[in-house]
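Peer 1: Sending over a structure as structure tokens; questions will come in a sec.
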Amino acid sequence: MKILAFFASMLLIWVASYGQITQEELMKMLNGEADKDYIGTVTLGLLQGGGSLIGGDLEFLIENKLGLQVGAGLIGYGAAINYHPKGGIRSSFLSLTYWHQGFKEYYTQSLLGPSYVFRGKKWFTAQIGLGFQLEEGPGAKQISTDLPPTQLIYSIGGYFPLK
């Protein structure tokens, strides 16, 4: 619980300090010029990092429209290949995502599937997609219902561009 409070307070501090931009920065963002300055992003939030309760992802562009992403968090990890149709790291994208939820006896499942990730102009991000179950782990037996073979995957958080 203390870890959750720590990450929530860090996210709140970052949002409050990043809240103001200059008119010049806004014009660069609207014209798409600001994207050329960034090589990657760090994303923090709920169900980020492979569907972790709280986690983070790191994405780097390998081309203007193609990115690779890895992440981890509070009991999970994941990876993705991302396609940015508009180009640039700050744009929304389509993703082929792998989520590994849990570790050892708490390992619940692995999912693979497509998703759409919205990225706002400044910091907000949200993901929605479908996950197809690859494997079920021992932690799935502790859940009172059977896990369906196809599941809704989603996450929400904030992203920070890297120069």
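The values are calculated or read from the model by the stated rules, or taken from the named source; none is laboratory data. Quick caveat, the model's predicted, so the values are computed rather than measured. Quick reminder, even Gly has a Cβ in these numbers, built from the backbone with ideal geometry, and neighbours come from all protein chains shown. Heavy atoms of the whole protein, side chains included, go into the accessibility calculation; ligands, DNA and RNA do not. Shrake-Rupley method; radii C 1.70, N 1.55, O 1.52, S 1.80 Å.
Peer 1: Of the residues 54, 13, only one is at pLDDT below 85 and either in contact with a helix residue (DSSP H, G or I) (Cβ under 8 Å, 6 or more places away or on another chain) or open to solvent by 90 Å² or more (accessible area, probe 1.4 Å) (or both); which?
Peer 2: After applying the criteria, what remains is 13.
Peer 1: Additional query: In segment 112-126, which residues are more than 18 Å from residue 97 (Cβ to Cβ) and loosely packed, with under 13 Cβ neighbours inside 10 Å?
Peer 2: Within segment 112-126, 120, 121 meet the criteria.
Peer 1: Any residue in segment 94-111 that's more than 16 Å from residue 129 (Cα to Cα) and in a strand (DSSP E or B): show its pairings with residues that are open to solvent by 90 Å² or more (accessible area, probe 1.4 Å) and of a type in the set (D, E, K, R) at Cβ separation under 7 Å, as long as the two are six or more apart or on different chains.
Peer 2: So the pair list comes out as 109/135; 109/136.
Peer 1: Here is a follow-up. Could you list, in sequence order, all residues of segment 127-163 that are touching a residue at least 12 places away in the same chain (Cβ under 8 Å), open to solvent by 30 Å² or more (accessible area, probe 1.4 Å) and among the hydroxyl-bearing types (Ser, Thr, Tyr)?
Peer 2: 150, 154
Peer 1: What is the residue count in segment 120-150 for residues that are at pLDDT below 95 and assigned to a strand (DSSP E or B)?
Peer 2: Residues in segment 120-150 being at pLDDT below 95 and assigned to a strand (DSSP E or B): 2 in total.
Peer 1: Name the one entry in 39, 21, 62, 81 that is farther than 18 Å from residue 158 by Cβ, at pLDDT below 90, of a type in the set (A, V, I, L, M, F, W, C) and open to solvent by 30 Å² or more (accessible area, probe 1.4 Å).
Peer 2: 39
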